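Below: the structure, in structure tokens.
The values are calculated or read from the model by the stated rules, or taken from the named source; none is laboratory data. Everything quoted here is computed from the prediction, not taken from an experiment. Neighbour counts are summed over all protein chains in view; Cβ atoms, including those assigned to glycine, are modelled from backbone coordinates with ideal geometry.
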Amino acid sequence: MIRASRQQAVLALVAIAALLAMPWLVTSDYYINIATQIVIAAILAMSLNVLVGFGGMISLGHASYLGVAAYLTIYLSTHAGVGALGSALIAIGATTLLAMLFGYLALRASGLGFLMITLALGQILWGIAYRWASLTGGDNGLGGPIRPRPFGIDLMNPTAFFYFTLIFLVLAVWLISRFVQSGLGQSLQGARDQPRRMRALGYNVWLIQWLSFVFAGFWGAIAGMLYAYYHQFVSPQALHLTTSAETLLMVVAGGTGTLFGPVVGAALVVILKNVVSAYITRWLMLLGVVFVAIVLFMPEGIVPGLRRLRETMKMRPASSAEASLPAAEERTT
Amino acid sequence: MRRIGALFSTTFLIGWALAGAAEAAEPLKVGFMTVRSGALAAGGRQMEEGLQLCIDAHKGEMAGRKIQIITADTAGQPAVTKTKAQELVERDGAQVLIGPLAAFEALAIDDYIRQTKTPIISPSAAAEDLTQRKPNPWFVRAVGTSAQAHHALGEYAAKELKYKRIVIIADDFAFGHELSAGFQRTFEQNGGKVIQKLWSPLNAAEYGTYITQIDPTADAVFAGFAGGNGIKFLGEYKNYGMQKPVLGAMTTVDEGILKRMGDEALGVISAGWYSAAIDTPANKKFVAAVQKAYSADPGYYTVGAYMACEFLNNALEQVKGDISDKAAFMKALRSVNMPESPYGQVKLDQYGQPILDITIRKVEKKDGKLQNTVIKTYPAVSQFWTYGPDEFLKSPVYSRDWTPAK
């Protein structure tokens, strides 16, 4: 247990060092921008993972927080004349409030009902963004040059902006791992596995799930703010069901209920969608094939799947039968 | 020692001179953004065909420079479009962009174009504001705006067809809103009245619910559809036994989809800045080339991409292939003037929008094939119709709820 966490810490340090060195390793701004997109997608996927992986609540409406925060950030800073910091704070605050409301509505049900309610709520927001053209610009979207200049640093520079998003990713990894290890996070996982027993033990399962829902919405809002800064444009596409589904795909492909699974999943999807599509026209098909391959060979996702493979390698001399068990129980993070 | 030094420096000089020469002969890189996956892929393919035709016609060379086309698939998603624009400009070193297909894609990269000061020619995105209230100095359009042709149709419907009451049914997205509002504006100005507006979703499965709502007292129906929706609507309109004449937007009966329609399309009167049936030598040559290569009539996307490429050629010839001075190249692109083209005569206004001959077209059957026969031409129509630019730009952009000022 201790060894595993030390190993993880080393891995995390290596990953952070690699990310910090990224701008020196690649020569073109293009790849830095791709890395930035991965970071933003990773934050969004990690926030969804709080619900899906640790809470067992599968949501198909997570694009709501991304989209609403992005719309608010752009609308407030370019159209309503609020300052950069002010509009970011209002956007995140308002989106978190929205998550409170959505959580209140969606948590009346669980399982499939929960999924359908989040889906419906997400579609309502999409409809509003699409129809309320005087506010949102309809399907033409909202644009505006809005990257802020904190402490005089020009975030229009791709490298500077990459580091800017990286700060948020590090914060997200740290705070979400703290959350998962905290009493609240532990009881959330308890509520996922044994809701009735948790209730019998005197836990307020609804409240635990609701607080986690809001926490996830908050990080979705952070991702949305970064999305707005990065693209300097938002259209109903950001709120669309496909965005929610894609985020869910990242979580599932990377490994639900692991800390770094969503990051790996986000990298996979963003790279396939943006880089590989330049070489392969049918990249959507490739995405499908990759996903099927993941489901076949690593049904628990890439990160736990690789961990299992490593264990299998190590244990092969002793006994290989036990190690081939799915690692679903192993949620040490 | 000195000798060696001399040898070295000579080698260096030769190498340098060679490198210089290679630079002069370097091909001009043109980034082309199209859509190969998703709902818009059919239009994307036609754009690729149009562009290829133009490049072939110039044998891959413009103003003495080789043209290298780098194609990227935007998947019809704004966020991907931005990444693809970055890929083309930053990684592949594209000096000019042609694309993207949809208006929301063009708007998504608007700021990026300004930042990187990359000249861009739009082969299809028709959103009014791109050349009106938010003009981008690096942007030039090779097609009409959403309403450019439909201003003319509104006047034609009121003055020549003598319609008094019209029902509008159109796709519920910005393009549909803009073209309908343009039609409504001139139609009502000439004494007509739009008595009902029906907006059907872009991905409507069927139009029965909308067709049955059409006010029976109307003289005619104006159908403003894009993509493949025109096929579905006209087919169902006939099946419901509707007799009222149909006016169409340019894209409702576009050549790209007309080949998939039957008799239900006969008699539809529409307006456009292009028809495959325009009877000029330049257009006949173009249509023949398209038919030879792809055995189909050119439509909106084909001719748009073809003309975007011709604009590029025209501007490159003005600057003699030297694109290093971007401002000078942009000035040339803005002063494109083509006396002859498939469109007819084309020149640009100060906003980077072509002034085009608008034709009123009627779907007829000729040699067993549907075509848009030209029945009237409005020469040199600006995006502002007959209004002054200042007056036009003062009112808000055409929208779903746009009501003409009385």
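Below is a table of values for the structure above.
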item: Any hit, region B:172-192, residues being among the basic types (Lys, Arg) and surrounded by 23 or more Cβ atoms within 10 Å (Cβ to Cβ); result: yes
item: Helices (runs of 4 or more DSSP H) lying entirely in region A:137-223 (those with 3 or more residues that are within 14 Å of another protein chain (Cβ to nearest Cβ)); result: A:158-181
item: Residue match in region B:151-161 (condition: surrounded by fewer than 24 Cβ atoms within 10 Å (Cβ to Cβ) and not in a helix (DSSP H, G or I)); result: yes
item: Tabulated pairs, region B:344-359, first in contact (Cβ under 8 Å) with a residue 24 or more places away in the chain and over 17 Å from B:Lys284 (Cα atoms), second among the charged types (D, E, K, R) and in a strand (DSSP E or B), C-beta under 6 angstrom, 6+ apart or interchain; result: B:Gln353/B:Arg141; B:Ile355/B:Lys347
item: Set B:Lys376, B:Lys366, B:Lys406, B:Lys362: member being modelled with pLDDT under 90 and either in contact with a strand residue (DSSP E or B) (Cβ under 9 Å, 6 or more places away or on another chain) or assigned by TED's automatic domain parsing to the domain that holds B:Arg133 (or both); result: B:Lys366
item: Residue tally, condition more than 9 Å from chain A (Cβ to nearest Cβ) and under 22 Å from B:Arg45 (Cβ atoms), over region B:107-130; result: 7
item: Lone qualifier among B:Ala39, B:Ala94, B:Ala57, B:Ala72 - being in contact (Cβ under 8 Å) with a residue 40 or more places away in the chain and facing chain A (nearest Cβ under 9 Å); result: B:Ala72
item: Helices (runs of 4 or more DSSP H) fully within region B:292-406 counting 3 or more residues that are aromatic (Phe, Trp, Tyr); result: B:300-318
item: Any hit, region A:245-260, residues being within 14 Å of chain B (Cβ to nearest Cβ), surrounded by 24 or more Cβ atoms within 10 Å (Cβ to Cβ) and touching a residue at least 60 places away in the same chain (Cβ under 8 Å); result: yes
item: Matching option when the condition is surrounded by 24 or more Cβ atoms within 10 Å (Cβ to Cβ), on the phi < 0 side of the Ramachandran plot and not polar (S, T, N, Q), among B:Ile231, B:Ile214, B:Ile166, B:Ile195; result: B:Ile166
item: Neighbours by Cβ (under 6 Å, 6+ apart or cross-chain): first from region A:16-34, within 14 Å of chain B (Cβ to nearest Cβ) and without any contact (Cβ under 8 Å) to a residue 40 or more places away in the chain; second part of a helix (DSSP H, G or I) and surrounded by 11 or more Cβ atoms within 10 Å (Cβ to Cβ); result: A:Ser28/B:Glu90; A:Ser28/B:Arg91; A:Tyr30/B:Gln86; A:Tyr30/B:Glu87; A:Tyr30/B:Glu90; A:Tyr30/B:Arg91
item: Residue in region A:288-301 that is within 30 Å of A:Arg178 (Cα to Cα), within 14 Å of chain B (Cβ to nearest Cβ) and within 20 Å of the chain's Cα centre (by Cα) present; result: no
item: Per-region count, region B:77-87, residues in contact with a Leu (Cβ under 9 Å, 6 or more places away or on another chain) and facing another protein chain (nearest Cβ under 9 Å); result: 1
item: Meets criteria (assigned by TED's automatic domain parsing to the domain that holds B:Lys29, modelled with pLDDT under 90 and more than 17 Å from B:Gly99 (Cα to Cα)) for B:Lys320; result: yes
item: Condition check for B:Glu48: within 14 Å of chain A (Cβ to nearest Cβ), free of Cβ contacts under 8 Å to residues at least 40 places away in the same chain and assigned to a helix (DSSP H, G or I); result: no
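Each row is one residue, and each column tells you yes or no for (1) at pLDDT 90 or above; (2) of a type in the set (A, V, I, L, M); (3) within 28 Å of B:Lys394 (Cβ to Cβ); (4) outside the structural domain of B:Val30 (by TED's automatic domain parsing).
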{"residue": "B:Gly44", "(1), (2), (3), (4)": "no, no, no, no"}
{"residue": "B:Cys54", "(1), (2), (3), (4)": "yes, no, no, no"}
{"residue": "B:Gly64", "(1), (2), (3), (4)": "no, no, no, no"}
{"residue": "B:Glu87", "(1), (2), (3), (4)": "no, no, no, no"}
{"residue": "B:Gly93", "(1), (2), (3), (4)": "no, no, no, no"}
{"residue": "B:Phe104", "(1), (2), (3), (4)": "no, no, yes, no"}
{"residue": "B:Ile113", "(1), (2), (3), (4)": "yes, yes, yes, no"}
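Residue-by-condition table, conditions (1) surrounded by fewer than 19 Cβ atoms within 10 Å (Cβ to Cβ); (2) of a type in the set (A, V, I, L, M, F, W, C); (3) outside any helix (DSSP H, G or I):
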position	(1), (2), (3)
A:Leu272	yes, yes, no
A:Leu286	yes, yes, no
A:Ala293	yes, yes, no
A:Glu300	no, no, yes
A:Leu306	yes, yes, no
A:Lys314	yes, no, no
